[in-house]
Amino acid sequence: MKRYVKGVFALILFGSLSCSKDDGVDTQTISEPEIDVVLIGEDTERVYQLNYNSVNDIAVQTDLTQEIGLGSSYLTLRQKGDLLSFYIFASGNFSLIQKNVATGESSLEPNFYAENNEQNILWGTNDEQRIYLGFFKPEGTSNFGVLTIDIASGSQTELLIEEDIQTSYQPIYHQGKLILTYRDNLDNYKVVVVETATNTIVTKLEFGAQVPNIFIDEMDDVVILKSDRGENYSYVIYDASSFTPIDGGDFSLTRYFDPGILTARLIEEKLFYYGLYVQPAEVRFQPASYDLITNTETLVNMENIVRSIEEVNGKSIQLISQGIDQKSGSYLVGYANIPDSNKLDGGMLIVSFDGELIKNIELPFVPTYFLDQD
């Protein structure tokens, strides 16, 4: 479900224009809560999984390149519970490598789709039985649809979503449904919900010029924020099964989020998320929260935290990836050390919802994706 940043080198080089390690060094400022983190990361050649548990302070690193043959050139990563799906493109074919992080089992679906002149593939996601590919068809047009491929039989089924759109954003797969955000040719934003078992559109939500942002809440329901490009916010919580509204409200946050998937949590009456610094700045983003009762935003001073890490590490760092651990009440931030060679390494910062740096765990690779934990 979740997306992450690929092209780590490009981000580091960009960051090195605006900002000036010893393995095993931790920077710890306050008592660490109980936290269980699974993350994916990479260096210049290999992909890694890290399982970190704070109770015993144990970090177990797995080389996924060696274990399942996964290279760092994979296109994208999707998560469905404990199942990770890595999409690969090579020699004109798409392939899929999957790993269950709970059981350790893995599988390969080689060459499940061949590139052709009939349609352009935009993105991919999947469940255990089917692969779903967003496409424009015919090639050269922007008629938006979804191609469903049955993993066992290889059979293919198409569903047209809308003709002649401008942009399709990354999808969300949740409880047997595809949640698709896109912008049509009149600059209107829409969210379509597809029931994958029947391959039918069950809901189409139209937002006009208002930008929709989507995430899953602690009750496993779907939350959609909408705003006038960062102002006049409102939200609706939809039951994930029926997609009927069950709650909602207005709030006065002034902050722009890109359309589609949002890294956020709605916990009681507080919204937790990440906001972008106005560039140029020392860092790219910062954790933040918004109290829906008092209508106040609280920002974590990420610039101060980054400076403290740089003083300990002796190197400049670039923030790369974002996560939120609701159980421990923590923000998770992955970073890369600004390189002076071909080496690519970094670490993970654990920051409390109150804005305090809990821990800095240095790593021989760069974290690019934090798993959503149930």
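The values are calculated or read from the model by the stated rules, or taken from the named source; none is laboratory data. Everything numeric in this text was worked out from a predicted model, so none of it was measured. Note: ideal-geometry Cβ built from the backbone for every residue, glycine included; neighbour counts use all protein chains shown. Just so you know, the surface numbers come from the protein's heavy atoms only, side chains and all, with ligands and any DNA or RNA stripped out. Shrake-Rupley method; radii C 1.70, N 1.55, O 1.52, S 1.80 Å.
Just to be sure, is Tyr290 under 24 Å from Glu218 (Cα atoms) and aromatic (Phe, Trp, Tyr)? Answer is yes for this residue.
Selection over the range 189-205 of residues that are open to solvent by 50 Å² or more (accessible area, probe 1.4 Å) and more than 24 Å from the chain's Cα centre (by Cα) gives a count of 5. Test Ile88 against the stated conditions and say whether it is modelled with pLDDT of 95 or more and either of a type in the set (A, V, I, L, M) or over 17 Å from the mean Cα position of the chain (by Cα) (or both). Yes, satisfied. Residue check: Tyr256 meets all listed conditions (1) more than 21 Å from the chain's Cα centre (by Cα); (2) open to solvent by 20 Å² or more (accessible area, probe 1.4 Å); (3) more than 29 Å from Thr196 (Cα to Cα); (4) not acidic (Asp, Glu) but one, namely (1). Here Tyr4 does not qualify as modelled with pLDDT of 95 or more, hydroxyl-bearing (Ser, Thr, Tyr), open to solvent by 20 Å² or more (accessible area, probe 1.4 Å) and more than 23 Å from Val312 (Cα to Cα).
Is one or more of the residues making up the range 261-284 on the phi > 0 side of the Ramachandran plot and modelled with pLDDT of 95 or more? No - not one qualifying residue is present in the range 261-284. For the range 214-232, the count of residues that are exposed (fewer than 14 other Cβ atoms within 10 Å of the Cβ) and of a type in the set (Val, Ile, Thr) is zero. Exactly one residue among Pro339, Pro364 is at pLDDT 95 or above and open to solvent by 10 Å² or more (accessible area, probe 1.4 Å), and that residue is Pro364.
Hey, among the residues in the range 118-136 that are more than 16 Å from Glu195 (Cβ to Cβ) and among the aromatic types (Phe, Trp, Tyr), which one's surrounded by the most Cβ atoms within 10 Å (Cβ to Cβ)? If we take residues in the range 118-136 being more than 16 Å from Glu195 (Cβ to Cβ) and among the aromatic types (Phe, Trp, Tyr), then Phe135 is surrounded by the most Cβ atoms within 10 Å (Cβ to Cβ).
Consider the range 287-315 and keep the residues that are hydrophobic (A, V, I, L, M, F, W, C) and in contact with a Lys or Arg (Cβ under 8 Å, 6 or more places away or on another chain). The one that is most open to solvent (accessible area, probe 1.4 Å) is Leu292. Filtering the range 14-45 down to residues that are open to solvent by 90 Å² or more (accessible area, probe 1.4 Å) and not in a loop (DSSP other than H, G, I, E, B), which residue is modelled with the highest pLDDT? Selected residue: Gln28.
Conditions: (1) more than 19 Å from Phe272 (Cα to Cα); (2) assigned to a strand (DSSP E or B). Pro287 meets all but one. Number of the miss? Exception for Pro287: condition (1). Would you check which residues across the range 51-61 are open to solvent by less than 30 Å² (accessible area, probe 1.4 Å) and either within 21 Å of the chain's Cα centre (by Cα) or over 17 Å from Leu332 (Cβ atoms) (or both) and list them? Within the range 51-61, Tyr52 is the sole residue that qualifies. Gln318 meets each of the listed conditions (1) over 15 Å from Leu332 (Cβ atoms); (2) surrounded by fewer than 22 Cβ atoms within 10 Å (Cβ to Cβ); (3) modelled with pLDDT of 95 or more apart from (2).
Could we say that Thr167 is assigned to a loop (DSSP other than H, G, I, E, B) and not acidic (Asp, Glu) here? So Thr167 does not fit the description; no. Restricting Tyr48, Tyr74 to residues that are assigned to a strand (DSSP E or B) and open to solvent by less than 30 Å² (accessible area, probe 1.4 Å) narrows the list to Tyr48. Restricting attention to the range 151-184 and to residues that are polar (S, T, N, Q) and open to solvent by less than 40 Å² (accessible area, probe 1.4 Å), the residue that is nearest to Val202 (Cα to Cα) turns out to be Thr181.
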